[in-house]
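A.B. asks: I'd like to ask some things about the structure below.
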């Protein structure tokens, strides 16, 4: 009976093997490539850290893509959090239709980014777009705005796409958190004379802190990898295959990475370095966020 | 206050639904009529748009997407449940090491290895098949984590012991005792993986070069460039790609929402 049980190893084996083959090996191979210059066909030339040095000192477009990515995150994440917690709170207190509201608002989250890109580029088109048309008809604008051609409004539209997509997800996560808060706390506060706004600000929001941290961390990690939405917003509707939007205002880090390796160029070594630099940034943010959560538990 | 809150919720819901509504009405228009005004009401060109879409290799593309998602779900579920069972229900030497390994893998974004993966797939001669977009789902760290938690919470050790005393083989226990017990977890994970693989855009974009193997997102995003830009037909294709998923989700929304929130609220 005390012989080594082979079964747990047998059950764990498929995961370990496929992870090594299809995730770990490519990841390590990319790391090696990031020290080479290689176009995928000719000979590899070892260049040491030169790819990284060039990225950090001689590629303004990399910094621009990083800047764009952060601007879009700053535009979208706080607003989605605020809106998400508000909608969740109102839904939580709604007498009827909670499941209906959740379902309806969650639909954007499960929709393919291709659809979101096309629909938004139609809605914000200068000439034929729904948004300009509406504003003009309502008398709010005299002539259409070039939403997708101006650097700031282009970023704002992408932020809006992300908000539209994630609001339902944030709302559902917050709702689950609110369900976990004991009703006794609310009753006690009500007896002490707290109004609905006070209940929201003084009880609900502070008790949801853990969930907010979770949402912020995951949004930053996925936000740093933003690609589908900006690419598809400028990808096909107008027939243009322009990279990065107007004056690269919508170029994100992953878009730059994909463009450098598979679309405009095939600089595999250089773009592997981009991916690894982004990875380092993601790790830094994960550590910072981990500290945030851990620090909170100590102070309890 | 109450009325105001309902009005606000209604407004938000309308904003959530408006793009879908526009997508559906636009698919019923003749493209050139789209630009004459707001496509707020359905028109009568749906049949012709459908014909246009099916004149391309849309059926093949749809089949490709279905193949990818079904294969991804099947392999991901089996592999995740297996390692989940091992970590959650066995005491063995490498258990904590494996658990740690699984947690680390969750933190590594797929994009980091993307270049290596594409080159590897070409070297293995799979560049011209659907396999690269399926194999990426075999070892899915989130799935493994999810199943570990689920098996830990739902399968009792006594039940496993009594099955063992009855002389049931280990694979028999896994397939006949464990899997039926964790069905709710499996169905949530299945829905998530189906959804993510169905919507995936970046990996197919860089790994599939042959039009024959296009998946839906890739096909639709290329429609505008290859053919005459028939926007209405594109919208029709989009509807067909999106609506089945929406219907499945609406039918199963209760389980789905429960599954999505399970991991986050605990952690």
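The values are calculated or read from the model by the stated rules, or taken from the named source; none is laboratory data. Bear in mind the structure is a predicted one, so any value in this text is a computation, not a measurement. So basically every Cβ, Gly included, is an ideal-geometry build from the backbone, and we count neighbours across all protein chains shown.
A.B. asks: Can you work out which of the residues in the stretch B:43-81 that are in a loop (DSSP other than H, G, I, E, B) and surrounded by 14 or more Cβ atoms within 10 Å (Cβ to Cβ) is modelled with the lowest pLDDT?
C.D. replies: So the first thing to find is which residues in the stretch B:43-81 are in a loop (DSSP other than H, G, I, E, B), and the list is B:43-45, B:56-57.
Of the ones still in play, those that are also surrounded by 14 or more Cβ atoms within 10 Å (Cβ to Cβ) are B:43, B:45, B:56-57.
Working: B:43: 72, B:45: 75, B:56: 77, B:57: 83.
Among those residues, the one meeting the criterion is B:43.
A.B. asks: On to the next question. Among the candidates B:258, B:254, single out the residue that is farther than 29 Å from residue A:22 by Cα, facing chain A (nearest Cβ under 8 Å), at pLDDT below 85 and surrounded by fewer than 21 Cβ atoms within 10 Å (Cβ to Cβ).
C.D. replies: None of the other options fit; the residue is B:254.
A.B. asks: Checking residue B:200 against (1) in contact with a helix residue (DSSP H, G or I) (Cβ under 6 Å, 6 or more places away or on another chain); (2) closer than 29 Å to residue A:110 by Cα, which test does it fail?
C.D. replies: (1)
A.B. asks: Right, residue A:67: touching a helix residue (DSSP H, G or I) at 6+ places or on another chain (Cβ under 9 Å) and without any contact (Cβ under 8 Å) to a residue 40 or more places away in the chain or not?
C.D. replies: no
A.B. asks: Here's a follow-up. Taking interchain pairs and intrachain pairs at least six residues apart, which have beta carbon atoms under 7 angstrom, with the first residue in the stretch A:7-31 and more than 7 Å from every other protein chain (Cβ to nearest Cβ) and the second part of a helix (DSSP H, G or I)?
C.D. replies: A:31/A:276
A.B. asks: A follow-up question, please. May I ask you to say which residue of A:139, A:117, A:129, A:144 is under 21 Å from the mean Cα position of the chain (by Cα) and more than 7 Å from chain B (Cβ to nearest Cβ)?
C.D. replies: Details: A:139 fails: under 21 Å from the mean Cα position of the chain (by Cα); A:129 fails: under 21 Å from the mean Cα position of the chain (by Cα); A:144 fails: under 21 Å from the mean Cα position of the chain (by Cα).
Testing whether each residue is under 21 Å from the mean Cα position of the chain (by Cα) and more than 7 Å from chain B (Cβ to nearest Cβ) leaves just A:117.
A.B. asks: May I pose another question? Go through the stretch A:263-279 and give me each residue that's in a helix (DSSP H, G or I) and either in contact with a helix residue (DSSP H, G or I) (Cβ under 6 Å, 6 or more places away or on another chain) or at pLDDT 90 or above (or both).
C.D. replies: Of the stretch A:263-279, the ones in a helix (DSSP H, G or I) are A:263, A:268-279.
Selection gives A:268, A:269, A:270, A:271, A:272, A:273, A:274, A:275, A:276, A:277, A:278, A:279.
A.B. asks: Of (1) loosely packed, with under 14 Cβ neighbours inside 10 Å; (2) modelled with pLDDT under 85; (3) at negative phi, residue A:139 satisfies all except one. Which?
C.D. replies: (3)
A.B. asks: Given the residues A:169, A:186, A:89, which is the only one that is more than 14 Å from chain B (Cβ to nearest Cβ), in a helix (DSSP H, G or I) and in contact with a helix residue (DSSP H, G or I) (Cβ under 8 Å, 6 or more places away or on another chain)?
C.D. replies: Exactly one of A:169, A:186, A:89 is more than 14 Å from chain B (Cβ to nearest Cβ), in a helix (DSSP H, G or I) and in contact with a helix residue (DSSP H, G or I) (Cβ under 8 Å, 6 or more places away or on another chain), namely A:186.
A.B. asks: Let me ask something additional. I'd like the full set of residues that are out of contact with any helix residue (DSSP H, G or I) (no Cβ under 8 Å at 6 or more places or on another chain) and surrounded by fewer than 20 Cβ atoms within 10 Å (Cβ to Cβ), limited to the stretch A:114-136.
C.D. replies: Result: A:127, A:133, A:134, A:135, A:136.
A.B. asks: Going residue by residue through the stretch A:138-151, is there one that turns out to be in contact (Cβ under 8 Å) with a residue 60 or more places away in the chain and part of a helix (DSSP H, G or I)?
C.D. replies: yes
A.B. asks: Filter the stretch A:29-75 down to the residues that are in a loop (DSSP other than H, G, I, E, B), at pLDDT below 90 and more than 27 Å from the chain's Cα centre (by Cα) and list them by number.
C.D. replies: Within the stretch A:29-75, A:38, A:39, A:40, A:41, A:42, A:43, A:44, A:47, A:48, A:49 qualify.
A.B. asks: Something else: For the condition more than 12 Å from chain B (Cβ to nearest Cβ), at pLDDT 85 or above and touching a helix residue (DSSP H, G or I) at 6+ places or on another chain (Cβ under 9 Å), what is the one hit in A:251, A:226?
C.D. replies: It is A:251.
A.B. asks: Could you pull out the residue among A:191, A:221 that is at the interface with chain B (Cβ under 9 Å from one of its Cβ atoms), surrounded by fewer than 18 Cβ atoms within 10 Å (Cβ to Cβ) and at pLDDT 85 or above?
C.D. replies: A:221
A.B. asks: Check off (1) closer than 28 Å to residue A:278 by Cβ; (2) in contact (Cβ under 8 Å) with a residue 40 or more places away in the chain for residue A:174 and give me the number that stays unchecked.
C.D. replies: Exception for residue A:174: condition (1).
A.B. asks: Next question. Can you pull out the residues in the stretch B:207-217 that are within 11 Å of chain A (Cβ to nearest Cβ) and surrounded by fewer than 18 Cβ atoms within 10 Å (Cβ to Cβ)?
C.D. replies: Within the stretch B:207-217, B:209 is the sole residue that qualifies.
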